[in-house]
Amino acid sequence: MSPGKWSEEQKIEVLRSSVGNAMINLKIVANSQLAQQLGLIDEKEREILLRAAEVALSIMKRGKEKGIFK
C-alpha cells in the first residue's frame, strides 16, 4: 500500500465510526436540556434530530447484517 492510500478495510472502518459518532452526537444534541433552555433547538427540530439518529442506527444495523461492519 502506498502512502496516502487507504485500504478498503480502513475506508469501511472510517464509515462505520462516522455513522456511530453521528448517531451519538445527534442523540446528545436532541436530548440536551441546555440546548433547549438556550433556545438552540425547538421540539420539531428535536424530533428531526432523533429521527436522524434512528436512521444512523438503521445504517449500522444494516451494515452489521451484511457483514460490512464488525
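Can you spot a residue in segment 28-38 that is in a helix (DSSP H, G or I) and under 9 Å from the mean Cα position of the chain (by Cα)?
The answer is no, given that none of the residues of segment 28-38 is in a helix (DSSP H, G or I) and under 9 Å from the mean Cα position of the chain (by Cα).
From the residues in segment 2-41 that are exposed (fewer than 11 other Cβ atoms within 10 Å of the Cβ), over 28 Å from Arg62 (Cβ atoms) and not hydroxyl-bearing (Ser, Thr, Tyr), which one is modelled with the lowest pLDDT?
Pro3
Residue pairs, Cβ under 8 Å, 6 or more apart or interchain, first in segment 23-47 and small (Gly, Ala, Ser), second open to solvent by less than 90 Å² (accessible area, probe 1.4 Å). List them.
Ala30/Ile41; Ala30/Arg46; Ala30/Leu49; Ala30/Leu50; Ala30/Ala53; Ser32/Ile41; Ala35/Val29; Ala35/Ile41
Among what's in segment 56-70 and is aliphatic (A, V, I, L, M) and more than 15 Å from Val29 (Cβ to Cβ), pick the residue that is least open to solvent (accessible area, probe 1.4 Å).
Going residue by residue through segment 56-70, those that are aliphatic (A, V, I, L, M) are 56-57, 59-60, 68.
With more than 15 Å from Val29 (Cβ to Cβ) added as a condition, the list becomes 57, 59-60, 68.
Numbers: Leu57: 66, Ile59: 66, Met60: 22, Ile68: 81 Å².
Filtering first and then ranking leaves Met60.
The values are calculated or read from the model by the stated rules, or taken from the named source; none is laboratory data. Since the structure is predicted, the reported quantities are computational estimates derived from the model, not experimental observations. Cβ coordinates were reconstructed from backbone atoms using ideal geometry, including for glycine residues, and neighbour counts include every protein chain displayed. For accessibility, only protein heavy atoms count, side chains too; no ligands or nucleic acids. Shrake-Rupley method; radii C 1.70, N 1.55, O 1.52, S 1.80 Å.
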